[in-house]
Each structure stands twice: as structure tokens, then as C-alpha cells.
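K.L.:
If you scroll down you'll find the structure; I have some questions about it.
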Amino acid sequence: MRFAIIVFPGTWSDRDCLHVLDQVFHQSADLVWHKEEDLSRYDCAILPGGFSYGDYLRCGAIARFSPVMRAVGRMAAEGKPVLGICNGFQILCEAGLLPGVLMRNAHLEYRCQWVTLRVERPDTPFTRTCREGQVLRIPISHGEGNYFADPATLAELAANSQVVFRYASPVGEVRPEDNPNGSLHNIAGIVNKAGNVLGMMPHPERCCEAVLGGEDGRFVFQSVIQSLLDGVPLSGHRREGTKSAP
């Protein structure tokens with residue numbers, strides 16, 4: 001398996017992702033400059049956190065026009081897994097690969113802290129090593145992580161069970177006081193309708209080793225690796241008979 005870690009001007013979590021894939025999971029991974037137009041040799045693309053193009057205009061608004069995004073779009077259309085973390089989530093939304101937008105945090109403060117997430121869907125390529133309702137402890141680091149979408153889009157996300165992670169209490173209760181940025185419905189991560197493109201604001205690459213204070217980020221990376229190893233269908237539709245909260 002081979003991972004492409006996309007690097008835009010201003011990206012700074014690329015080395016963290018590379019370390020995790022190379023040193024923790026012993027996978028082949030390359031840092032891929034944003035001008036690359038061919039990702040056909042890769043099995044998975046990761047868009048890391050940072051401040052692509054200085055976050056001018058809006059977060060991710062310029063990066064979406066980089067040549068590499070056409071290749072990322074092709075990977076997504078082919079069913080290959082695409083993971084956007086923090087700024088990567090913002091870029092995927094700006095590029096139209098995920099619905100909604102990420103706005104300024106409701107309290108207008110930058111937040112760098114540990115949060116707890118409830119796993120809403122354990123049947124995606126990014127969560128298949130998790131169980132439904134499992135609580136993960138993963139750090140955030142953002143000033144514009146406030147997920148917003150219009151009522152029709154939110155209804156569609158609920159109908160298609162596209163919400164994968166929600167900010168929650170340590171015991172899995174979804175409460176306003178556990179929402180660090182004002183995201184609607186405590187949304188912390190979503191997938192596209194096919195289930196192979198995930199955007200999440202928390203940083204799983206920062207908690208894959210005990211020395212960093214936690215290892216719950218391993219669930220995300222291990223899930224992708226296991227999905228690719230097993231060759232499971234990546235168009236992860238919700239299991240029949242289950243549904244997620246709005």
C-alpha cells in the first residue's frame with residue numbers, strides 16, 4: 001500500500017502524518033507537492049492540517065484550485081479512501097468533495113485542546129476497527145472548525161448517515177458543553193455519500209503514540225490500512241436497520 005500526503009504552501013502537519021504512517025504503521029508514504037497531477041500510483045490520499053496558502057480568503061479556498069485536487073477528485077471517484085484532517089477537511093468542503101463549510105469558532109477563539117468524540121459509524125473505511133458509540137480522545141487545534149450547513153444539507157447528512165464523529169462527553173453524551181467550536185449537531189467528522197472520503201477537524205496523527213498522551217488516533221489509521229489490506233468495498237453505506245441521530 002502507498003499513501004500520498006498532500007503538501008500545500010502552508011501545510012504543517014504533513015510530517016506528523018508521514019511519521020505515523022512510516023514509523024508507527026510501517027507503511028509506504030510520500031509527501032506529494034500540490035502541483036502533482038497524477039496520484040494513480042497511490043492507494044490513499046491524506047490532506048493534512050495547516051494553513052494552506054495562509055488561509056487567505058477562506059480556509060481551503062485557494063488550495064481547492066491546486067492541480068493536485070483534480071487528482072484527489074479522481075481518487076475519490078474511483079472509491080479510494082481520501083482523508084482530510086483539519087485544514088484538509090476545510091479543503092475537501094471547498095472543493096465540493098464534502099458538503100458544508102467550516103467557519104470561525106463560535107467563541108472566536110483558537111482552541112488547542114483534547115476533546116472526546118463519539119463514533120457514530122463503525123462501518124466506514126476510517127472506523128472499521130471501532131465500535132458504534134465508542135469514545136475516542138483526540139486533540140483539536142483550530143480557529144475555524146465550526147461546521148455549518150443549511151437545513152436541507154443537514155437533513156441529507158442524517159438521512160444518509162454521513163456523520164461519523166460527534167463531539168461528546170467522556171461517556172459519549174452529545175451535549176452543547178462538549179462542543180469546542182459551535183459546530184451544528186456537534187459534528188466533528190463526516191463522509192461523502194459513498195463513504196470513502198472523510199473530513200474531520202480533530203488530529204488523529206497527533207495521538208498515535210503513548211508518549212504524546214494518547215493513542216486513540218491509531219483507530220483511524222489502522223482502519224484505513226485494514227480496509228485496504230482486506231480489499232473491502234470502500235463505498236461504505238450504512239448497515240440496514242441502523243440509523244444515526246440528526
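K.L.:
From the residues Ala71, Val32, Tyr53, which one has its Cα farthest along the dipole of the stretch 16-105 in the positive direction, the dipole being from +1 and -1 charges on Cβ of Lys/Arg and Asp/Glu about the Cα centre?
P.N.:
Tyr53
K.L.:
Is the shape of the stretch 1-97 rounded, prolate or oblate, going by the alpha carbon gyration tensor and its root eigenvalues a ≥ b ≥ c, with a/c under 1.5 for rounded and a/b larger than b/c for prolate?
P.N.:
oblate
K.L.:
Also: How large is the translational diffusion coefficient of the chain in µm² per second when you combine the Kirkwood radius over alpha carbon pairs with Stokes-Einstein at 25 °C and 0.890 mPa s? List each step's numbers first, then the result.
P.N.:
Working: Rh = 17.5 Å.
Here the translational diffusion coefficient equals 140 µm²/s.
K.L.:
Still on this structure, please answer the following. Whole-Hz Karplus ³J(HN,Hα) for the stretch 189-204, in order, using 6.51 cos²θ - 1.76 cosθ + 1.60 and θ = phi - 60°, x for Gly and Pro?
P.N.:
Running phi through 6.51 cos²θ - 1.76 cosθ + 1.60 with θ = phi - 60° gives x, 9, 10, 6, 4, 6, x, 9, 10, 10, x, 9, 7, x, 9, x Hz.
K.L.:
What list of ³J(HN,Hα) couplings, whole Hz, do you get for the stretch 101-116 from phi and the Karplus terms 6.51, -1.76, 1.60, once you set θ to phi - 60° and write x for glycine and proline?
P.N.:
After applying 6.51 cos²θ - 1.76 cosθ + 1.60, I find 9, 10, 10, 4, 3, 4, 8, 6, 10, 6, 10, 10, 6, 7, 10, 10 Hz.
K.L.:
Would you mind telling me the antiparallel percentage of the DSSP bridges in the stretch 1-60, rounded to 5?
P.N.:
DSSP beta bridges in the stretch 1-60 are roughly 10 percent antiparallel.
K.L.:
Indicate the gyration tensor shape class of the stretch 44-119 (rounded, prolate or oblate), computed on the Cα atoms with a ≥ b ≥ c the square roots of the eigenvalues: a/c under 1.5 is rounded; otherwise a/b larger than b/c is prolate and the rest oblate.
P.N.:
On the way: a/c = 2.17, a/b = 1.39, b/c = 1.57.
Oblate, because a/c is 1.5 or more while a/b does not exceed b/c.
K.L.:
Moving to a separate point now. What percentage of all Cα-Cα pairs in the stretch 105-160 are separated by more than 15 Å?
P.N.:
65
K.L.:
Something else now. Can you run phi through the Karplus equation (6.51, -1.76, 1.60; θ = phi - 60°) for the stretch 157-168 and list ³J(HN,Hα) in whole Hz, with x for Gly and Pro?
P.N.:
Per residue, the Karplus-derived 3J(HN,Hα) values read 4, 5, 5, 9, 6, 8, 7, 9, 10, 10, 5, 8 Hz.
K.L.:
Which of the peptides 118-128, 220-230, 194-204 is most tightly packed, and how do the rest follow, judged by the mean count of other Cβ atoms within 10 Å per residue?
P.N.:
194-204, 118-128, 220-230
Quick note: the coordinates plus some simple rules give every number you see, no bench work behind them. Computed from a predicted structure; not experimentally measured. Heads up, the Cβs are rebuilt from the backbone with ideal geometry, glycines too, and the neighbour counts pull from every protein chain shown.
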